Amino acid sequence: MSGGLFDRWRTAPTAVAEPQAPAAVGLQLWLDDQARVLRLAGPLRTLLALPGQPGAQVHDYLLRHSWLVLEGEPADWQGQPLDLDFHTVMGHALHTRGWLLRQAQGWLLQLFDIGDLLREQRWDRQRPLLGEIGHALRECGVSRLAQTTQEQLQVLADHWQARSLRLMLREAEGWRHYVSSEGAWPWPAEQVLQARLQALSAQGLVEANDDQELLALCGGISLFMVPCRLGQDAEAWLLCAGAPQAPPADMALALARTLIEPLLVRHRRQQLHEQAGHLDDLQQQLGAGWWQWPAQGDLQLDPALARTLALPSRISEPQWLAHLHPADREPAQLALAQAREGQVLGLNLRLLTGDSQQAPRWLHWAGHGRGGQVRGFLLDISALKAQEQQAGAARARLENLIASSPAVIYVQHYAEGALHSTFFSASLAPLLGWAADSEQARQPGLAVHPDDRALWLQRTRDLLREGQVRCRYRLRDQLGGYHWMLDEARLLRDDLGQPVEVVGLWLDVSEATEAAERMRQSEERYRVLVEDSPAMICRYRPDLTVLFGNRPLADYLGCTPAQLEGADLGQWLSAGQREAFVSRLRTLTPEQPLSSAEICLQLPGREHAWWVWAERGLFDDAGRLLEVQAVGRDNTEVRRSQQQLLQGAKMATLGELATGLVHEINQPLNVMRMAVANTLKRLENGVADPAYLEDKLRRIEAQVERAARLVEHMRVYGRRSALEHVPFRAWAAVEGARALLEEGLRGKGVALRLECPGEQPQVLGHQDQLEQVLINLLVNARDALLEQGRAQPWIRVRQLLDRQCVRLLVDDNAGGIDPLLHERIFEPFFTTKPAGVGTGLGLSVSHGIVAHMGGSLTVANAGEGACFCIELPLHITS
Ligand code: ADP
């Protein structure tokens, strides 16, 4: 299109004059009277979306809004300028302006392209807006940047008649909603929008109409999005919602760019500023900073760093070296020279502090040179160095500890299913005498005791399968001796679970293992001892449940040792014995854990057995009795002989009493004889009246009774005592003894004084035995009295009572016993009586009887003679 021709159309359409002839430029359409297109011509023809088609209407070539221009028939359109927009093959509209000319046949529509003209007009309208927006954003303060952006968005929203504009910025973590214009709009959720933007970032202006997903997101409402790129990718998107139509892409892009570019630039600058601030902070905290050394001149230091190091920020080479530790000066000088030649500089240096007391500061000096100039950074690594030193010291201590411990720490590397030793702690040599690189160290399996090889192989298998193992085996040392090793090892795996290496520990447990073996052997010996002991050995709980019993015990009880376990020991005891047994256990305490007693058992197939039973209680920390260990010895035989002895002594006493007894029985016989003789005499004389007869007969009956009682008593006394203790009145024994002795004593002129007590408590034992004791004491007193030939001899028996015991005191006026003999008179066979008279057994047997009843028999001299005291525990029935 030529400039002159175009100029004509710049004026208002009304001012256009009708041309003389059609020009061979632009577009020509020949139409018939019904506006059907007959022919097309002109260069623009090729742009049309619809090529010449028979019967097509001119309207078919036009965008819909241009139809209004061509209302009615061609004849109506004459004489006025026509602005028509055509569909093109490129998709955008072809803007034309022209007129209609009458032809000989039909009409000629002559048109020219006015696209450029329209664009320019639009731009002319935009320009002030662009300037305004750009200016506002460039000039506002940083603090008002967001606020200003929002205001400018509002301006743009008004311009596009949009409901809401939203600005999204790309940041490191994704798209961020920066600001929106004021208008309300149901924007899709932020995350959904972000994802969409990410996907669309490579595109230009996007209209919701062009993008199905976006359309779905906005529920079909108008939305278009304008990207702003600074490089390849979109850095920001301007989202415009609710505008009646999308502006042309070039304009929208320009507007978005005007708005966003200054914003991004300022935004970036702000970010850089903040980052620089952070970096400064960080450098300050790290004690790091830059330095540079030009080819000629002094070292220049980061001023902040120079301050923290207390150095000037410019410093000459000799000064710099003077500040370094003497040992570091030469390396520093050499490293700098090399760096100037282009090598990389990396050196740790000590910087002297002004204070000689203070440790030097460690610096890492790094840099590289270019063209004789060197630059780099300095980093304060004092803290690191201090930690390194501490770690080094700790490591040294640990190594020392490991080296001096009786354990060997080892590492085995895993390769192709096998383990290869790679490390041993220094304790290996002192322990096994192996060098770390010796054959055994590399393959410890070779040094395993032949009997333990299976264990060793199992250990490796378990280790690889389970990840850890703990076992013992013997290893041969350098001298050929074997050590029991406790091996505890753990398998380390990599991230994929593949075995990497084994870390383990060998502990020499030879001593412990041997001690355990010795212990086992000694336990075995004790077990044999217990098993084979002739004594009965037994362990039981306080409730008498048997935990263990050896064979002798089992044999006595008529079962096997296995049957004893769990059995009730009480089943072989009478109720009384059991009660006594349990109450004896109750007296055991951690301080007094021992007790012994003679127990009486009812054994299968035997009448009774007497065992001497020694017990020891085992207690827990709280002092509770857990179990009892007991050793027993069968005492039945001894017991039987004792009883025989007792019986013998008893019979001897009876023998002694014989004279008195004869007199005792004679007495009633004499009385009866007299009564019978007198009665017979009366009967012969015929003067026996019934009253007389009855009186005599009653007297005889009383005497028979008396004799019978005496005989019965002797019979009972002479009988063997019952086996078990029974309760009886202590005083009853005194009366029993009197019955047998009183008459005899009277015959010898000895007075027997019984001081009858008010209360007569019970004791446990056998009455006949206590009677025997009393008879012994009375007979001894009588003998002493007769021997001394006292004027008025007497024997006295008294009872004293207190809360726990009863005492029977027997004293006389025979002058007492030599105190030197007080102990000896209780010895068996001790007597002062002439041979054949005394047996020396009386007191000894009596002592035994009283002791067996749980009491005591003692002697003292009191008043005019000896005083024997029988003390017996009371039998208290609850
Ligand atoms: P025996 O009577 O056979 O001698 P005992 O054991 O009964 O044996 O007595 C031992 C001794 O104790 C007597 O021989 C006597 O010397 C002394 N004895 C016992 N009772 C008395 C007493 N009441 N007064 C003095 N001596 C006594």
Mean separation of Cα pairs under 8 Å and 6+ residues apart, divided by the residue count of the chain: what relative contact order is that in percent? 4 percent
For region 241-350, average projected area of the Cα convex hull in nm²: 12.1 nm²
Leaving out same-chain residues fewer than 8 places away, which lysines sit with a Cα under 29 Å from that of K833? K650, K748
Taking Cα atoms, how many degrees apart are the long axis of helix 115-139 and the longest axis of the chain, rounded to 10 and kept between 0 and 90? 50 degrees
Where the only charges are on Cβ atoms (+1 Lys, Arg; -1 Asp, Glu), what is the dipole of the chain about its Cα centre, to the nearest 20 debye? 1780 debye
Place a point 7 Å from the Cα of Q629 along the Cα-to-Cβ direction; which residues of region 583-621 have their backbone N under 20 Å from it? 585-597, 612-621
Compute the long axis of helix 249-286 from its Cα atoms, compare it with the longest principal axis of the Cα atoms of the chain, and write down the angle in degrees, 0 to 90, nearest 10. 40 degrees
Give the average over all directions of the projected area of the C-alpha convex hull of region 191-241, one decimal, in nm². 3.2 nm²
Quick check on the exposure proxy: order C240, C218, C559 from fewest to most C-beta atoms within 10 angstrom. C559, C218, C240
In region 713-818, how does Rg compare with the Kirkwood Rh, expressed as the Rg/Rh ratio over alpha carbon atoms? 0.99
Dipole-positive endmost among Q53, W67, Q78 within region 28-80 (Cβ charges, Cα centre): Q53
Where in region 607-641 are there trypsin sites (Lys or Arg not before Pro) that are in a DSSP coil and have at most 11 other Cβ atoms within 10 angstrom of their Cβ? R624
Alpha-carbon radius of gyration plus Dmax, which is the widest Cα pair, for region 660-756 in Å: 18.1, 60
Lys/Arg Cβ at +1, Asp/Glu Cβ at -1, dipole of the chain taken about the Cα centre: which of L529, N209, Q232 is farthest positive-ward? L529
Could you give the angle, 0 to 90 degrees to the nearest 10, between helix 575-586's Cα long axis and the longest principal axis of the Cα atoms of the chain? 60 degrees
Once both labels are modelled 7 Å past Cα along the beta-carbon direction, what's the A199-L455 spacing in nm? 6.9 nm
Per-pair calculated FRET efficiency, R0 = 56 Å: L594 and S510 via Cβ, rounded to 0.05: 0.90
Just grab the label-to-label distance for L47 and E694, each label 7 Å out from Cα along the Cβ direction, in nm (one decimal). 17.9 nm
Roughly speaking, what is the stretch gain from E139 to A396, that is 0.36 nm per residue apart minus the C-alpha to C-alpha distance, in nm to one decimal? 86.0 nm
By the scheme Lys and Arg +1, Asp and Glu -1, what is the net charge of all other residues having a beta-carbon under 13 Å from that of S574? -2
Cubic angstrom per residue, convex hull over Cα atoms of the chain: 552 Å³
Cross-link candidates for K681: which lysines have Cα within less than 30 Å, leaving aside residues fewer than 8 places away along the same chain? K696
Counted charge near A851, where neighbours are those whose Cβ lies closer than 13 Å (Asp, Glu -1; Lys, Arg +1): -2
Projecting each Cα onto the charge dipole of the chain (Lys/Arg +1, Asp/Glu -1 at the beta carbon, about the Cα centre), which of A359, L547, A306 comes out farthest on the positive side? L547
Provide the net charge surrounding E274, with neighbours chosen by a C-beta distance below 14 Å and charges set as Lys +1, Arg +1, Asp -1, Glu -1. 0
For the residues T149, T353, what sequence is obtained by ranking on other C-beta atoms within 10 Å, fewest first? T353, T149
For E823, E871, what's the fewest-to-most ordering of other Cβ within 10 Å of each Cβ? E823, E871
Under the 7 Å Cα-to-Cβ spin-label approximation, E565 and R673 lie apart by a distance in nanometres of 7.8 nm
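Bear in mind these aren't lab numbers, they're just calculated from the coordinates by the rules spelled out. The structure displayed is predicted, hence computed values, not measured ones. In this analysis, Cβ positions are derived from the backbone assuming ideal geometry, glycine residues included, and neighbour counts consider all displayed protein chains.
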